[in-house]
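K.L.:
Okay, handing you the structure first.
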Amino acid sequence: MTEHADSATVAARMERRWGTVSIGIILALVFMAAYIGVHQGVMPQPRVETVDPRTLHIAGEFIESNLGTAAEPDGSVTVRAIGQQYSFTPQCIVVPADTQVTIRATSADVIHGFLIEHSNVNTMLVPGYISTIVTRFPAPSERLMPCHEFCGAGHEGMWGRIKVINKAAFAKLAADQRRMTCVAQ
Amino acid sequence: MSTEPRFSHRNRWFTIAVVVTALIAATSAAMGFVVLPSLQTNTRFTGIWDAICSAAGLVRAAPAGQPVVQANYKTTDVILSSSTLDGSSAISIGRGATLAMRCTMCHGTRGVSEADSPNLAGQYIMVIFKQLQDYKSGARTNAVMTPRVADLTDRDMRDLAAYYAYLPRLPPYHPATAGPAPQIVESGAPMRNIAPCATCHGTLYYKTGSAWLEGESSVYLQAQLKAFASGARHNDISEQMRNIARGMSSAEIEAAAQYYANQPQ
Amino acid sequence: MLHSKRLILSHFWLAFAGFGVALLLGEWQMFIRSPLHAWIGDPEVYYRSVTAHGTAMAYVFPTLVAMGFGYAITEAALKRPLIGGKWAWAGFALVAVGTVTAVIPVSLGLASVLYTFYPPLIGSPFYYIGIVLVVVGSWIWVALMSVNLYAWKRANPDVPVPLAMFANVAGSYLWAWTAVGAAIELLFQIIPAALGLTTTIDAGLARVFFSWTLHAIVYFWLMPTYIAYYTIIPRAIGGRLFSDPMARISFALFLVVAMPIGVHHLFADPEVGAGFKFMHSVFTAFVAVPTLLTVFTICASVEIAGRLRGGKGVLGWLTALPWRNPMMLAVTFSFVMLGFGGAGGLINMSYQLDASIHNTQWITGHFHLIFGGAIVIMYFAIAYDLWPHLTGRALDSFEMMRMQLWSWFIGMIVLTFPWHYVGILGMPRRMAFYDYTDPAIAPQALSVIASVIGGAILVVSGALFIAVLVRGHLAARVEPGEYRFSIAVHQPHRVPVALNGFGLWVSLMVALTVINYGFPIVHLLSLSNTSVPVVTIGAAGR
């Protein structure tokens, strides 16, 4: 009986130790997430904003002439885009390298995904809500920008592109246009 | 076993479980709602209360931006809906038939064109209504159509749309042997952002506002695709058709137009 | 002694039939969008197949396995016939009818909305009604598990509830509450729209309700697997369960922390505040606790088996293990896949890392590895273990069983590892074509081909599995004896009341759901301007 009690105590002690280790692992993970959040100020979708998808094309910041990239007075740029069955407008987004980019996007109909390959730009476009992503592209490059959420039978045809160009080239574009895209006319 | 109280601070399990759970919830809430928002550098909150409300997901107004850039051309202001034009009455169709007398020269007596104007018989009601609205507002222009819609009222346009939608689609006017669908129609060209035509203009998949294309004149279809591609036609909502037409080669435009022209209506 | 053999066999066979068909569809999907096949022409057929594959694999197959296994546990652990056999058949009939009701519109292309629904896309109402019937059928099972437990408890007031039954009922309660989110979405948002009663829908709110179900459902799928780890494996390999109370704590913790974490699927969504995303992220980390406890307890139990078989020294017990025993293989493969899948899961749960892989093929790889791999391989083991008791015939195709388990493991690794890789490259999910001639996509071609090969191995393994079971029906009659569960090193004579019932854990589960979901749901409900027009598919709107 005492042997039984002893082995039970040993077992209980081992379990407690392992339990402590487990909790330690979890706390380390949570701490990492919190640390990155504090250190890099990363907050997914800092605010919730709503918009009526039926009237995007009639008034407001998502009318077609206001879509594309705008240079802001503080040196950053703002990109406005919409997703619809089965394209993004603009189809090709142009942004300067090494500059803060704020992307504001929404959907005109169903749920779409907004992903820029080889970057951390990855968000959902949900009709009725505006998605905001703040990012920065280090160097000039050209990337694909697929819709990554099933949006209907033409989903596989919904590929946009993004061009990251150097700051000087962008400044030249910005000199004679207020909203820039790289859509070939 | 059953005498032990379950929900009581004397039950060690109860106390520990509740306290630990509450602690985790409270700590993560404090981090998520107060600490992290207050450390954001990308987003400026107006104060701690604004930060907490934003983190909680309360709807906030858009941050002040630069003035919206208006287009130097007219775009459509029609709101598409699959339900607003439901239930056309006999009266509406009758009125539409009378009004349609002036359209027969181009669109045929029964909505089927003998020229290269679009066939309207059996076209979706929303499509006809939207195009009439766009001609009237100037979002779409055409030397023949623009003056003819100038005096149409909203009701006239509804009735005309109801009448043409009511007419039966007639056997194909453009006779030819229908071949297999060309690649551009069947599969599109994904990397050029061209979805298959039938994913909007089809019967299983249909996007409100897209036209019925089968049996339409090839000359008309090609002209429209080219006009979309160049931007000369720009009454498609948020560039949805311009985005597609821009990426099509002239051979693909011709193949797609021929294919639809040769389909039975 | 199992009394309801026909009931249990019916559940398993319907589950495995659906699984077999869905497996073939899955491999076909992999193949036609790979560089090995030309574009299929009509992309809509692909989305039909994805809808059918997901619906069968996520809703029908695991639900039927949990139900059938639950009835078997009830009779074997409580050592008495099931109470409410007629109701159980009614539940089975609802699941079967619901499945057929859902599959018909899907196969006609009238409901290609994928099993995750994605409103405002709306398909045929029959699809959604079919799924509701499946869920209602499974709720009958939940009620029966509860009734049987309480009837037994009343008859045995001073005996701890057998561990297998405790875990089984925990799984059923988890499912009952988990399914509520999707049920609300279907009944109050989607079905009214599908029937034409409403013309708008709040897509953001629907996503929140769906996330309520979508993550915790994984733990419902996981329950039979964990029950097998604790109550079958130690016995099957000749060992002892290391600790009975630890097992109970793990199952109780699943009840509490499986639920308030679903918003981690919505990290990239615009309709939920960042504060709630962080809270869900933290609780998602804590859901690893019961799994870590399980890993410890099962490894210790397996070590006991090794030592009982004469293994000595620090590692000697490993070589003494019965490696030719299919159950030993199954648990090993399951743990390896759980390990890799769990490591991937740590990336998904982290609010910042998630952005690099959200909704890419990484996610598909992740849940196939966890569900299709770690979980389903134990469903095979459960079937192998139960079959002689259900058929009264020997199940002795051991060589085939070993081949089946090996091929499932290898196939799953070959399928999912490349999938994770192309996900990191940014390959989006669920597309009917990929143009591998594009220079930006060309580097993914080889990985996709590897996944197709992995899928083919899985199809072979699935066929072997069915073959083993069919041979079990044709083998010589045997008397399998009483169906037994593992014995713990220290069999409990008394357990704390908290670990003998569910009052505390279910209360915490509901309370945490209210804390983590209450405000986002109420807030979205209060918004009047976020409902958007329904986009109907499957019929041209004239």
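Taken together, the values in this text are just the output of simple stated rules run on the coordinates, not laboratory data. This is a predicted model, so every value here is computed, not measured. Positions of Cβ are backbone-derived with ideal geometry, glycine not excepted, and every protein chain shown enters the neighbour counts.
K.L.:
Listing B:D156, B:D134, A:D176 from the residue with the fewest other Cβ atoms within 10 Å to the one with the most, what is the order? List each step's numbers first, then the result.
P.N.:
Details: B:D156 17, B:D134 23, A:D176 7.
Fewest-to-most Cβ neighbours within 10 Å comes out as A:D176, B:D156, B:D134.
K.L.:
Could you line up C:Y46, C:Y173, B:Y73 from fewest to most neighbouring Cβ atoms inside 10 Å?
P.N.:
Details: C:Y46 23, C:Y173 19, B:Y73 14.
Exposure proxy ranking, most exposed first: B:Y73, C:Y173, C:Y46.
K.L.:
List the chymotrypsin sites (Phe, Trp or Tyr not before Pro) in the range C:310-367 that DSSP assigns to loop (not H, G, I, E or B) and whose Cβ has at most 12 other Cβ atoms within 10 Å. Which are they? It would help to have the intermediate numbers written out before the result.
P.N.:
Values: sites: C:W317, C:W323, C:F333, C:F335, C:F340, C:Y351, C:W362, C:F367; in loops: C:W323, C:Y351.
Those that pass, being in a loop and sparsely packed, are C:W323.
K.L.:
Further question: What angle do you read, to the nearest 10 degrees and between 0 and 90, between the alpha-carbon axis of helix C:288-308 and the longest principal axis of chain C?
P.N.:
So the helix axis and the longest Cα principal axis differ by about 30 degrees.
K.L.:
I've got another one for you. If one puts a single equal scatterer on every Cα of the range C:225-332 and applies the Debye formula without solvent, what log₁₀ I(q)/I(0) results at q = 0.11, 0.15, 0.16, 0.24 Å⁻¹?
P.N.:
Evaluating at q = 0.11, 0.15, 0.16, 0.24 Å⁻¹ gives log10 I(q)/I(0) of -0.47, -0.69, -0.74, -1.17.
K.L.:
Starting from 0.36 nm per residue, how many nanometres of slack lie between C:V100 and C:K79 once their C-alpha separation is accounted for?
P.N.:
4.1 nm
K.L.:
Only counting other Cβ atoms within 10 Å, I'd like A:E156, A:E15 sorted with the fewest neighbours first. Spell out each step's value before the answer.
P.N.:
Values: A:E156 28, A:E15 19.
The most exposed by this proxy come first: A:E15, A:E156.
K.L.:
When you have a sec, figure out the Kirkwood radius of the protein assembly as shown from all distinct Cα pair distances and drop it here in Å to one decimal? It would help to have the intermediate numbers written out before the result.
P.N.:
Numbers: mean 1/r = 0.0329 Å⁻¹.
Computed over the protein assembly as shown, the radius equals 30.4 Å.
K.L.:
Here's another thing I want to ask about it. Just need the relative contact order of the range C:1-132 here, percent rounded to a whole number, with Cα pairs under 8 Å and 6+ apart.
P.N.:
Details: 143 pairs, mean separation 43.3, N = 132.
It rounds to 33 percent for the range C:1-132.
K.L.:
How many lysine pairs in chain C, separated by 8 or more positions in sequence or lying on different chains, have Cα atoms less than 28 Å apart? All intermediate terms of the calculation are to be shown ahead of the outcome.
P.N.:
Values: C:K5/C:K79; C:K5/C:K86; C:K5/C:K153; C:K79/C:K153; C:K86/C:K153.
Lysine pairs meeting both conditions in chain C amount to 5.
K.L.:
Here's another thing I want to ask about it. What share of the DSSP beta bridges in chain A is antiparallel, in percent to the nearest 5?
P.N.:
Antiparallel: roughly 70 percent of the beta bridges in chain A.
K.L.:
Per DSSP H run of n ≥ 4, the term is -39500 (n - 2.57); total these for chain B, divide by its residue number, and report the mean residue ellipticity at 222 nm rounded to 500 deg cm²/dmol. Could the numbers behind the result be given before it?
P.N.:
Values: 12 runs with 113 residues, N = 265.
Counting only the DSSP helices, I get -12000 deg cm²/dmol.
K.L.:
Label C:R471 and B:Q183 with points 7 Å out from Cα along Cα→Cβ: what is the distance between them in nm?
P.N.:
Each label point is offset 7 Å from its Cα along the Cβ direction, giving 4.8 nm.
K.L.:
Scan around C:T536 for amide H atoms under 5 Å from its own, H built in the peptide plane at 1.01 Å from N, and keep only partners 5 or more places away or cross-chain.
P.N.:
C:I122
K.L.:
If r is the Cβ-Cβ distance from C:I453 to B:W49 and R0 is 56 Å, what FRET efficiency results, to the nearest 0.05? Write out the running numbers ahead of the final one.
P.N.:
On the way: r = 57 Å, r/R0 = 1.02.
E between C:I453 and B:W49, to the nearest 0.05, is 0.45.
K.L.:
Moving on. I'd like the distance separating the alpha-carbon centroids of the range C:338-411 and the range B:185-263, in whole Å.
P.N.:
About 45 Å separates the Cα centre of the range C:338-411 from the one of the range B:185-263.
K.L.:
Sticking with this one: Excluding the sites themselves, what is the longest stretch of chain B that contains no trypsin sites (Lys or Arg not before Pro) in a DSSP loop with at most 13 other C-beta atoms within 10 Å? Show your work: numbers first, answer last.
P.N.:
Working: sites that count: B:R10, B:R44.
It works out to B:45-265.
K.L.:
To continue, here is another question. For the range C:38-55, what does the Karplus curve 6.51 cos²θ - 1.76 cosθ + 1.60, with θ = phi - 60°, yield as ³J(HN,Hα) per residue in whole Hz, taken in order and with x for Gly and Pro?
P.N.:
Karplus values, whole Hz, x for Gly and Pro: 6, 4, 7, x, 6, x, 4, 4, 5, 5, 4, 5, 4, 4, 5, 4, x, 4.
K.L.:
Quick one: Cα centre-to-centre distance for the range C:164-219 and the range B:136-158, in angstrom?
P.N.:
Comparing the Cα centres of the range C:164-219 and the range B:136-158, I get a distance of 48 Å.
K.L.:
Find the relative contact order for the range A:121-185 and round it to a whole percent, using C-alpha pairs within less than 8 Å whose residues are 6+ positions apart.
P.N.:
Once divided by the residue count of the range A:121-185, the mean separation gives 26 percent.
K.L.:
Could you work out the per residue convex hull volume over the alpha carbons of the range B:12-56, in cubic angstrom? Can you show the working numbers first?
P.N.:
Details: hull volume 2.6 nm³, N = 45.
Taking the convex hull of the Cα positions in the range B:12-56, it is 58 Å³ per residue.
K.L.:
Against the longest alpha carbon principal axis of chain A, how many degrees, from 0 to 90 and to the nearest 10, is the axis of helix A:2-40 turned?
P.N.:
Tilt relative to chain A: about 20 degrees.
K.L.:
Next up: What relative contact order, as a whole-number percentage, does the range B:90-166 give when Cα pairs under 8 Å and 6 or more residues apart are counted? Could the numbers behind the result be given before it?
P.N.:
On the way: 94 pairs, mean separation 33.7, N = 77.
Over the range B:90-166, the number comes to 44 percent.
K.L.:
Right, something else. Given the Cα-Cα distance of C:L197 and C:F417 and 0.36 nm per residue of separation, how much length would full extension add, in nm? List each step's numbers first, then the result.
P.N.:
Details: separation 220, 0.36 × 220 = 79.20 nm, distance 4.51 nm.
Here the answer is 74.7 nm.
K.L.:
Report, in deg cm²/dmol and to the nearest 500, the calculated mean residue ellipticity at 222 nm for chain C, where each DSSP H run with n ≥ 4 adds -39500 (n - 2.57) and the sum is divided by the residue count. Display every interim value, and only then the final one.
P.N.:
Values: 20 runs with 357 residues, N = 542.
Rounded to the nearest 500, the figure is -22500 deg cm²/dmol.
K.L.:
Moving on. Roughly how crowded by other chains is peptide A:86-94, in terms of the mean Cβ count from those chains within 10 Å of each of its Cβ atoms?
P.N.:
That works out to 5 on average.
K.L.:
To continue, here is another question. When we measure straight from the Cα of A:K163, which lysines land under 20 angstrom away, once same-chain ones fewer than 8 places off are left out?
P.N.:
A:K172
K.L.:
Now for a separate question. Residues of C:34-42, mean number of Cβ from any other protein chain within 10 Å of their own Cβ, rounded to a whole number? Kindly include the intermediate steps, with their values, before the conclusion.
P.N.:
Details: counts 0, 0, 0, 0, 1, 7, 2, 7, 10.
Mean inter-chain Cβ contacts per residue within 10 Å come to 3.
K.L.:
Cα axis of helix C:376-391 to longest principal axis of chain C: angle in degrees, 0 to 90, nearest 10?
P.N.:
Relative to chain C, helix C:376-391 is tipped by roughly 50 degrees.
K.L.:
Taking 41 Å as R0, compute the FRET efficiency from the Cβ-Cβ separation of C:V21 and A:K172 and round it to 0.05. Present the calculation step by step, with values, prior to reporting the outcome.
P.N.:
On the way: r = 59 Å, r/R0 = 1.43.
According to the calculation, E is roughly 0.10.
K.L.:
Between B:E114 and B:S81, what FRET efficiency comes out of the Förster formula 1/(1 + (r/R0)^6) with R0 = 30 Å and r the beta carbon distance, rounded to 0.05?
P.N.:
E between B:S81 and B:E114, to the nearest 0.05, is 0.35.
K.L.:
A follow-up question, please. For peptide B:20-28, what's the mean number of Cβ atoms from other chains within 10 Å of each residue's Cβ? Working shown, then result.
P.N.:
Values: counts 4, 10, 4, 0, 10, 8, 1, 4, 13.
That works out to 6 on average.
K.L.:
Provide, as a two-decimal number, the C-alpha radius of gyration of chain B over 2.2 N^0.38 Å, N being how many residues it has.
P.N.:
Numbers: Rg = 28.9 Å, N = 265, 2.2 N^0.38 = 18.3 Å.
In units of the 2.2 N^0.38 Å rule of thumb, it is 1.58.
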